[in-house]
Every structure is written in C-alpha cells, then in structure tokens.
Amino acid sequence: MKVSRIVEAVRAVSGVRILGLHSDPDHNRSVLTFAGSVDPVLEGAIALAKACAAELDLASQSGVHPRMGVLDVLPFVPLASATMDDAVRLAHRAGESLGSLGFPVFLYGAAATTWYRRSLPDIRRGGYEGVASRLEDPLWKPDYGPKILDPHRGAVAVGARPILVAFNAYLDTDDVEIARAVARQVRESGGGLPAVRALGFDVGGMAQVSMNLTDLDQTPIPVALEAVRWAAADLGASVESTELVGLAPLEAVLQTARYYLGLRELDAHHVLESRLYGQSDPRSL
C-alpha cells in the first residue's frame, strides 16, 4: 500500500517517532504526525517528500478536499521546550531542501515571508489549478523551488504554527448544501467563531462539516460543536456523530470534559494515565 510505504520511509529515520496516521478515502488524504529533535525531524520531512513524489501522482488524485500537491502541507509545531522561532527556522530549512528536490514551496503561518501568505487557505485557494494560475504573478513566486508546477507532484505549503485540531461533524442528512451553509455560519471568515475554519463536504453519502480549530483558547472543541448543532438545527438537521482527524492535545480533551461534565477544576493531574506516564511530580500529591 502506498501510504504504508510512505510512512515506513519516515519511520526508517533514526530519532523520529511516528505518533499517528489518519487516512480518509473520501477526502483522499492522509495525516501523518511524527516528532523528534530538529535534525531527525528535518530528515524525516525530506524522506516524506521523496516518498510522496515516488508513490503518488497528483494528476490522478481525486477527493472532496482541496489539494495542491502530493505533499500538500508540511507544518512544524513546537512541542515541549521548543519555541515558535525554532519551528520557523526548521520550516525555512525544510523549504530550502524541498525546493532543491523540485517542489515549489510556499511558506505560511509564522514562517511566512510576507503578510498575505500567513494564511494557509489563501495559499491553497483554488487548489492545484489556483496555485498554477497565480505563479505568473510575481507576488506569488514560490519561496523556494521552481516557478513551474509539475502536474504529478504539485506544490507544498511549509509552515510553522501552534497546535491545530482537525474536527469534523457528520449531519443526519445527505444534503451537502446544509453542511456548506453551516460551515459558512460557524467559520471565522463568515463572521462566526474566532480561529475556526470550516468547509462542507459530501462524505460517504453524509453531509460533513469539516473544521480546523486553530486556537483552542479562543474556540475549544465543545464550543465549535455546539455552534454547528445550533446552525444545523436552524436548517432542520442535527449532528449524528463527530470525528477527530489526527491527534489532539490532552488539554483539548480536558476542555471538552469540563464543558459537558461541569468539572471546572478538571486538570491533567486528575487523569490516571497522566500520573502514571506523564511528568507530574509525585511529591506534589
């Protein structure tokens, strides 16, 4: 399987730890999460790009989610003692390396070289075709790599950003227009919730509201979910189930439990596994 071979190429890098893989046949996308110190993560990113170029062909790819390359997005997220400045430096190093491999690279987020490229949706607007049409504009010259898109590998957005939670809500209807209307209402760009990006899709015959929550302090999972529920109810629909894409930090789960259970004082030290395997100091008990 192609995705398995791509994952194994990253796993083979010494010092890299694979944390999770989420694949979705309707979106025709996979989210691979891996971690490590700076140099192994950079090596893993290069291995990932090479494997994607060898295994995938953008020209034959189809799916409901917008895409602009076989390695669509490569974000670096600072964890533990790492800082955003560390992630920015790593994004630039990775961008330069991927550019030398023939990928047009657009830097985004904290790594962006200009204000109008900070937002990932602005870079990826229109998918592959949109990116290809903008390459003739000097304002959209890639930060690294060729100025021409290879139709088989496309371009890649390389960024530095805080933790993002990808969270989907499935509605009890097959009417994708309802999902799109809900997405327009709840996303920040439509006047909805701050730090929420949302789109509506038809996924397996169900209407899906696909969300990226980019700042959990501004809009945590339960607040986004309740907004979707209210918006869907106004259109005669309800949320049937939800889906977490990739990984979420423990704090996101705790926020949800606090909201729905009314446990205002709930914290990581209340979680058994956090005490067993985390870094809590037992002397504080």
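Tally Lys/Arg at +1 and Asp/Glu at -1 over every other residue whose Cβ is under 14 Å from the Cβ of Pro222; what's the total?
Numbers: positive: Arg229, Arg258, Arg264; negative: Asp217, Glu226, Glu251.
Net local charge, Pro222 excluded: 0.
Report the charge-dipole magnitude of region 45-136 in Debye, nearest 20, computed about the Cα centre from +1 at each Lys and Arg Cβ and -1 at each Asp and Glu Cβ. Please report the intermediate quantities before stating the final value.
Details: 9 positive and 9 negative charges, 33 e Å.
It works out to roughly 160 debye.
For a Förster distance of 51 Å, can you work out the FRET efficiency between the beta-carbons of Arg264 and Arg11, rounded to the nearest 0.05? Write out the running numbers ahead of the final one.
Details: r = 41 Å, r/R0 = 0.81.
Efficiency computed from Cβ-Cβ geometry: 0.80.
Where the Cα atoms of the chain are projected onto their three principal axes, how long is each span, largest first, in whole Å?
Over the chain, Cα extents along the principal axes are 53, 53, 39 Å.
Just to confirm a number: summing +1 for Lys and Arg and -1 for Asp and Glu over residues other than Ala183 whose beta-carbon lies under 12 angstrom from that of Ala183, what do you get? Show your work: numbers first, answer last.
Numbers: positive: Arg180, Arg184, Arg187, Arg197; negative: Glu177, Glu188.
It works out to a net charge of +2.
Once you list every other residue whose beta carbon is under 12 Å from the beta carbon of Ala160, what net charge do they have if Lys and Arg are +1 and Asp and Glu are -1?
Working: positive: Arg89, Arg93, Arg118, Arg161; negative: Asp85, Asp86.
Every neighbour counted, the sum reads +2.
Indicate, rounded to the nearest 5 percent, the antiparallel portion of the DSSP beta bridges found entirely in region 2-160.
Details: 9 of 18 bridges.
Here the antiparallel bridges make up roughly 50 percent for region 2-160.
Considering only DSSP beta bridges with both partners in the chain, what is the antiparallel share in %, to the nearest 5? If you can, show how the numbers build up before the last one.
Values: 29 of 38 bridges.
Just about 75 percent of them are antiparallel.
Which one, Ala35, Met206, Val253, projects farthest toward the positive side of the charge dipole computed for the chain from Cβ point charges (K/R +1, D/E -1)?
About the Cα centre, the residue reaching furthest to the positive side is Ala35.
Bin width 5 Å, alpha-carbon pairs only: give the P(r) of region 116-245 as whole percents, running from 0 to the bin holding the largest distance.
Spelled out bin by bin, region 116-245 gives 2, 10, 19, 18, 14, 14, 11, 7, 3, 0 percent.
What does the helix-only formula give at 222 nm for the chain: each DSSP H stretch with n ≥ 4 adding -39500 (n - 2.57), the total divided by the residues, and the result rounded to the nearest 500 deg cm²/dmol? Spell out each step's value before the answer.
Details: 9 runs with 101 residues, N = 285.
Taken over the chain, the calculation gives -11000 deg cm²/dmol.
Divide, for region 1-151, the radius of gyration over alpha carbons by 2.2 N^0.38 Å, where N is the residue count. It would help to have the intermediate numbers written out before the result.
Working: Rg = 15.0 Å, N = 151, 2.2 N^0.38 = 14.8 Å.
Against the empirical 2.2 N^0.38 Å value, I get 1.01 for region 1-151.
Leaving out same-chain residues fewer than 8 places away, which lysines sit with a Cα under 17 Å from that of Lys2?
Lys2 reaches Lys50.
Given charges of +1 on the Cβ of Lys and Arg and -1 on the Cβ of Asp and Glu, with all other atoms neutral, how large is the dipole of the chain about its Cα centre, in debye to the nearest 20?
Numbers: 27 positive and 34 negative charges, 133 e Å.
For this selection, approximately 640 debye.
Values quoted throughout were computed directly from the atomic coordinates according to the rules given, and no laboratory measurement underlies them. Owing to the predicted nature of the structure, the values given are computational and were not obtained by experimental measurement. Heads up, the Cβs are rebuilt from the backbone with ideal geometry, glycines too, and the neighbour counts pull from every protein chain shown.
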